[in-house]
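Coordinate-derived values only; no laboratory data. What you are looking at is a predicted structure, and each value in this text was computed from that prediction instead of being measured. Heads up, the Cβs are rebuilt from the backbone with ideal geometry, glycines too, and the neighbour counts pull from every protein chain shown.
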Amino acid sequence: MRILLVGGAGYIGTHVALAFSKRGDTVGIYDNFSTGLKQNILRDSEVYEGDILDNEYLHEVISKGWDALIHLAALKAAGESMVNPEMFSLNNISGSVNLMTGCSLYDVKAFVLSSSAAVYGEPEYLPIDEDHPTRPENYYGYTKLSIEGHLDWYHRLKGICYASLRYFNAAGYDPHGLMTGLEKEPANLIPVVMEAAAGMREKVLVFGDDYNTPDGTGVRDYIHVTDLADAHVRAVDYLLAEQQSITVNLGSGHGLSVMEIINETRRVSGKEIPAEFTGRRPGDPAKLVASSKRAKQLLGWCAQHSDLESIIKTTWQIYRKTT
Ligand code: WQD
């Protein structure tokens, strides 16, 4: 099969590329390399350097004949989306519509969207299933919800089948160490903790120790990126076989606290990792955990690598090389 990965040079995209390439599919990477890394592009991929806002070049690439398009090109800093919404509507919403239009013009019938748990907002019940109300608390989450809405119209009007994959907290690295690119200036917990362990930053700030959770720190559902990648392969196969659109959560189904992440990284790395408690980060819920029942039912998918030890070990094996 021929699979076009838009945003395929990013952290998740490179792992998705690896999964398709491992089973012998031809992978095309379309990326503007604003955050994506050339070092992670597999040798046998077709590489197209371009922006999703450059409709002419984008459509030229989409016209090259693809069985499926996977859209991972988005701005994802939730905090920044509240200060610079214009950037997010342009890149995330307009850029996605450009992709859908390209698929409609050049008859690409399967579209996989990298969506987010951010579409749900503050949880009303746990674990969060796909029927949970969608009330995003930040503009980033709203852009993902809006893209899902556009996709639904393109499905109805143009026959494009889509899989909207709502990721919880993506984490970990390829267990064989094939992907080595580190995120620049990360804000997410695990890379921040890793940087502190590797001596790249002084300490970890723990945002809140008074949540209603067992140790008082925030609890999230961390899903290993290799598991995420596997879900993309299954989603493409599902769309091509069933010709029906789906929306599914991708999470491990269990929560880990900030302190569990820090303590496991201390254990695995043997480093002290100074941590300082500060106030809560605005907009952070106490606990987010996914129900991934639907992904299991429809895709036969379940998390295989998303236990705490695998997530931390596979990440530390990359970061330790920087020490
Ligand atoms: C995890 C926990 C923090 C950093 C974000 C996006 C979301 C999705 C995944 C893409 C929380 C705490 C964090 C730090 C800390 N992205 N923390 N110190 O906020 O759950 O989700 O990434 O779709 O949309 O919002 O992830 O890694 O930032 O935080 O204490 O320096 O770690 O308070 O409890 P989050 P995170």
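Percentage of Cα-Cα pair distances in the range 140-280 greater than 25 Å, rounded to whole percent? So the portion of pairs separated by more than 25 Å is 42 percent.
Per q in 0.09, 0.15 Å⁻¹, report the Debye log10 I(q)/I(0) for the chain, using one uniform scatterer on each alpha carbon and no solvent. Debye output, listed in q order: -0.44, -1.28. Computed from Cα positions, the angle between helix 11-22 and the longest principal axis of the chain comes to roughly 60 degrees.
So what's the gap between the Cα centers of the range 276-323 and the range 104-133, to the nearest angstrom? Each part's Cα centre sits 18 Å from the other's.
If you keep only loop residues by DSSP, which trypsin sites (Lys or Arg not before Pro) in the range 271-323 have at most 16 other Cβ atoms within 10 Å of their Cβ? Kindly include the intermediate steps, with their values, before the conclusion.
Numbers: sites: K271, R280, K287, K293, R294, K296, K313, R320, K321; in loops: K271, R280.
Filter output for the range 271-323: R280.
Restricting the calculation to alpha carbons of the range 199-271 gives Rg and Dmax of 17.6, 51 angstrom. With the Kirkwood sum run over all distinct C-alpha pairs, the range 39-175 has a hydrodynamic radius of 16.1 Å. According to the Kirkwood relation over distinct C-alpha pairs, the hydrodynamic radius of the range 242-301 is 14.9 Å. Global size of the range 221-323: 16.8, 51 Å for Rg and Dmax (C-alpha atoms, Rg to one decimal, Dmax whole).
To the nearest 20 Debye, how big is the dipole of the chain about its Cα centre, given +1 on the beta carbon of each Lys and Arg and -1 on that of each Asp and Glu? Intermediate values should be presented prior to the final figure.
Details: 30 positive and 41 negative charges, 108 e Å.
Using Cβ point charges on Lys, Arg, Asp and Glu, the chain gives about 520 debye.
Calculated [222 nm] ellipticity per residue, helices only, for the chain: -11000 deg cm²/dmol; basis is -39500 (n - 2.57) per DSSP H run with n ≥ 4, divided by all residues, nearest 500.
Using a Cα distance threshold of under 16 Å, what count of lysine pairs results for the range 172-323 when pairs must be 8 or more residues apart or interchain?
Details: K184/K321; K203/K271; K271/K313; K271/K321; K313/K321.
Lysine pair count for the range 172-323: 5.
Taking the three principal axes of the alpha carbon atoms in the range 158-205, the coordinate ranges are 52, 27, 16 Å, sorted in descending order. Among C103, C161, C302, a tally of other beta-carbon atoms within 10 Å of each Cβ gives an order, fewest to most, of C302, C161, C103.
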